[in-house]
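Q: Can you read through this structure? Questions will come right after.
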Amino acid sequence: MKLVFAGTPEVAVPALDALLASGRHEVAAVVTRPDAPAGRGRRLIASPVAERADEAGIEVLKPAKPRDADFLERLRAIAPDCCPVVAYGALLPRVALDVPARGWVNLHFSLLPAWRGAAPVQHAVMAGDEITGASTFLIEEGLDSGPVYGTVTEAVRPTDTSGDLLTRLALAGAGLLAATMDGIEDGTLTAVPQPADGVSLAPKITVEDAHIDWAAPALRVDRVVRGCTPAPGAWTVFRGERLKLIQVAPAPGTEDLAPGRLAVGKNHVHVGTGSHAVELLWVQAQGKKPMRAADWARGVRDADGHLLGA
């Protein structure tokens, strides 16, 4: 088939690579979000998908909105059979959905209908799911509600961050998307409507969602930190400044501490929660690089007994 691939972040690149390497399909063009400011100089930077497409010599389309007339005219001129999508980052209007004869097929990082929305992997980690996965489905105008072509499953490991899990799902999902394109071309795959039961939503995680509530149980604190790593980054407040929490670990059997209360030892930093304590392993103070929590506590001095979040 002739394909137009739509995607933007680094997590979409493995799927593009899988389609380029398949040998069965022609990736005629890539659709991605416009260049965005990044870094200290706020220079405009092309998306990872745009950079990979440039390396491969593929035409890159960067519409401000996918309903822009110039973009739709070019899409119709390319006349793709199908448009595979991975984390494109913009809603596709009906006028765009109608262009490819076999539709737009999305690779979504959950086992649909679970975790429909922008942040399925983060929500799976924060909810304590033991199994998640990826799904390919035909895009409709509803939120991730279209019929499903195929799935792969992936275990959520006890120490997984959302970044760890997403990296594995991106690789597994790349193979799934390539196989889905093959099955659509062969006529061996039929999209199956999603069940009405089991629907859950995964809206974008906000900075406020990542603010740690020390009154929550230790298990919840650990899940929120892992689910918000690397983005947007879990955080608390220490002496009026934000302290980013990169890694913690539940520490049952340690001293009884009030929620948020720090207990600093020679080689450890414990914090009280609504159940037992957690150990801070890696943190990042404002304007500083990530460091071991024990080193951070030695550097700030007199942290023992301080109340985080106050």
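The values are calculated or read from the model by the stated rules, or taken from the named source; none is laboratory data. Everything numeric in this text was worked out from a predicted model, so none of it was measured. Here the Cβ positions follow ideal geometry from the backbone for every residue, glycine too, while neighbour counts run over all protein chains shown. Note: areas computed on protein heavy atoms with side chains; ligands, DNA, RNA excluded. Shrake-Rupley method; radii C 1.70, N 1.55, O 1.52, S 1.80 Å.
Q: Ignoring ligands, DNA and RNA, what percent of the 1.4 Å accessible area of the chain is carbon and sulfur?
A: Here it works out to 52 percent.
Q: Next question. Among Thr161, Thr132, Thr153, which one shows the highest mean-square fluctuation when the chain is modelled as a Gaussian network with alpha-carbon springs under 10 Å?
A: The residue with the greatest mean-square fluctuation here is Thr153.
Q: Name the shape class, rounded, prolate or oblate, that the alpha-carbon gyration tensor gives for segment 1-123, where a ≥ b ≥ c are the square roots of its eigenvalues, rounded holds for a/c under 1.5, and otherwise prolate holds if a/b is larger than b/c and oblate otherwise.
A: Rounded is the answer for segment 1-123, as its axis ratio a/c remains below 1.5.
Q: Distances longer than 14 Å among the Cα atoms of segment 252-310: what percent of all pairs is that?
A: The share of Cα pairs beyond 14 Å in segment 252-310 comes to 51 percent.
Q: Further, regarding this structure: So, for the chain, what is the accessible surface per residue at a probe of 1.4 Å, expressed in square angstrom?
A: 47 Å²
Q: Tell me which of Ala18, Ser162, Pro193 sits at the most positive position along the dipole axis of the chain, charges placed on C-beta atoms (Lys, Arg +1; Asp, Glu -1).
A: Towards the positive end, the residue furthest out is Ser162.
Q: While we're looking at this one, here's another question. Which of rounded, prolate or oblate describes segment 155-201 when judged by the alpha-carbon gyration tensor and an a/c cut-off of 1.5?
A: oblate
Q: For Leu44, Leu61, Leu91, write out the residues from largest to smallest accessible area, computed with a 1.4 angstrom probe and no ligands counted. The partial results should precede the final answer.
A: On the way: Leu44 115, Leu61 20, Leu91 155 Å².
The ordering from most to least exposed comes out as Leu91, Leu44, Leu61.
Q: Hey, what number do you get for the chain at 222 nm if only DSSP H runs of n ≥ 4 count, each worth -39500 (n - 2.57), divided across all residues, to the nearest 500?
A: Result for the chain: -8000 deg cm²/dmol, rounded to the nearest 500.
Q: I want to verify the translational diffusion coefficient of the chain in µm²/s; compute it with Stokes-Einstein, Rh as the Kirkwood radius over Cα pairs, at 10 °C and 1.306 mPa s. Intermediate values should be presented prior to the final figure.
A: Working: Rh = 21.2 Å.
In µm²/s, the coefficient rounds to 75.
Q: What fraction of the DSSP beta bridges in segment 1-158 is antiparallel, stated in percent and rounded to the nearest 5?
A: 50 percent
Q: Oh, and also: Please compute P(r) over all alpha-carbon pairs of segment 2-63, binned at 5 Å starting from zero, and give each bin as a whole-number percent.
A: The distribution over segment 2-63 is 4, 19, 30, 23, 12, 6, 3, 1, 0, given as percents.
Q: Nearest 5 percent is fine: what portion of the DSSP beta bridges confined to the chain is antiparallel?
A: Within the chain, antiparallel bridges account for around 65 percent of the total.
Q: Could you give the distance between the Cα centres of segment 10-76 and segment 175-193, to the whole Å?
A: Each part's Cα centre sits 23 Å from the other's.
Q: Of all DSSP beta bridges located in segment 70-193, what percent are antiparallel, nearest 5?
A: Working: 12 of 15 bridges.
The answer is about 80 percent antiparallel.
Q: For the charge dipole of segment 203-258, defined by +1 on Lys and Arg C-beta atoms and -1 on Asp and Glu C-beta atoms about the Cα centroid, which residue among Val248, Thr236, Ala210 has the Cα displaced farthest towards the positive pole?
A: It is Ala210, whose Cα lies furthest towards the positive end.
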